[in-house]
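Engineer: After the structure tokens below, expect a handful of questions from me.
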Amino acid sequence: MSHTNKKYWYPYVSPYDPCKPITVKSYPTPPQLYMGFQPPNLAQFETPKQALFHGTLWPALYSKYDKRGDET
Amino acid sequence: MSHTKTMPPEYYAQLEQIQAIDFVIVELNLYLDTHPHDYQAIQQYNQCTYESKRLKKQFEKQFGPLMHFGRSYSNYPWNWDDTPWPWQV
């Protein structure tokens, strides 16, 4: 059951559009969207510090939030 | 005149430990709100709470009160009189 954390779509670009075309847009789809009710006893990060630095106690719910914008 | 005071690395190390354990407590707390019968999670929550209190006590013994308004004791004279204030840490 693997899913991608980021999805993309490709806006229509009109030949008459005066601005620089935006060819690709993206939106985050973190794991909780696919999990439903969280099961008990999910594996946890080893140390509290790891959990803090990942922003969640459970690796299954971790989703990377990269800094760059919309390009693939 | 350069800045006068810097806290020892231990100060920041202990604060990060407290921050990390408190984060785990928050995660468990939110989880338990929707899983009230998860006995193991409750045990872990209580263990982490105990650890958090221990770490805070240890920190306060060394560096003075961590919180105010009745959540930490003060020495004599009143501890809240010097830097770094919480937002300066």
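Engineer: Starting from region B:53-89, pick out the trypsin sites (Lys or Arg not before Pro) whose DSSP state is loop and whose Cβ has at most 13 other Cβ atoms within 10 Å. Walk me through the numbers on the way to the answer.
Structural biologist: Working: sites: B:Lys53, B:Arg54, B:Lys56, B:Lys57, B:Lys61, B:Arg71; in loops: B:Arg71.
For trypsin sites (Lys or Arg not before Pro) across region B:53-89 that sit outside H, G, I, E and B with at most 13 neighbouring Cβ atoms in 10 Å, the list reads B:Arg71.
Engineer: Quantify how strongly other chains surround peptide B:41-48 by giving the mean number of their Cβ atoms within 10 Å of each of its Cβ atoms.
Structural biologist: On the way: counts 2, 0, 0, 2, 0, 0, 0, 1.
Other-chain Cβ atoms within 10 Å of each residue's Cβ, averaged: 1.
Engineer: In straight Cα distance, which lysines are under 29 Å from B:Lys5, not counting same-chain residues fewer than 8 positions off?
Structural biologist: A:Lys49, B:Lys53, B:Lys56, B:Lys57, B:Lys61
Engineer: Of the trypsin sites (Lys or Arg not before Pro) in chain A, which ones lie in a loop per DSSP and count no more than 10 other C-beta atoms within 10 Å?
Structural biologist: Numbers: sites: A:Lys6, A:Lys7, A:Lys25, A:Lys49, A:Lys64, A:Lys67, A:Arg68; in loops: A:Lys64, A:Lys67, A:Arg68.
Taking chain A and a limit of 10 other Cβ atoms within 10 Å, the loop trypsin sites (Lys or Arg not before Pro) found are A:Lys64, A:Lys67, A:Arg68.
Engineer: Hey, got a sec? Which chymotrypsin sites (Phe, Trp or Tyr not before Pro) in region B:6-72 land in a DSSP loop and have at most 14 other Cβ atoms within 10 Å? Don't jump to the answer; show the numbers that get you there.
Structural biologist: Values: sites: B:Tyr11, B:Tyr12, B:Phe23, B:Tyr31, B:Tyr39, B:Tyr45, B:Tyr50, B:Phe59, B:Phe63, B:Phe69; in loops: B:Phe69.
Passing sites in region B:6-72 are B:Phe69.
Engineer: Provide a whole-number value for the mean count of partner chain Cβ atoms within 10 Å of the Cβ atoms in peptide B:24-32. Can you show the working numbers first?
Structural biologist: On the way: counts 8, 2, 2, 10, 2, 0, 1, 5, 0.
That works out to 3 on average.
Engineer: Then there's this: Treating cross-link reach as a plain straight distance, find the lysines whose alpha-carbon is under 21 Å from the alpha-carbon of A:Lys20, omitting any fewer than eight places away in the same chain.
Structural biologist: none
Engineer: Enter the mean number of other protein chain beta carbons within 10 Å of the beta carbon of each residue in A:39-48, as an integer.
Structural biologist: Values: counts 1, 7, 3, 1, 0, 4, 2, 0, 4, 14.
Mean partner shielding for this stretch: 4.
Rule-based calculations on the coordinates, nothing more; no lab input. As the structure is a prediction and not an experimental result, all values here were calculated from the model. Here the Cβ is made from the backbone with ideal geometry for all residues, glycine too, and neighbour counts use every protein chain on show.
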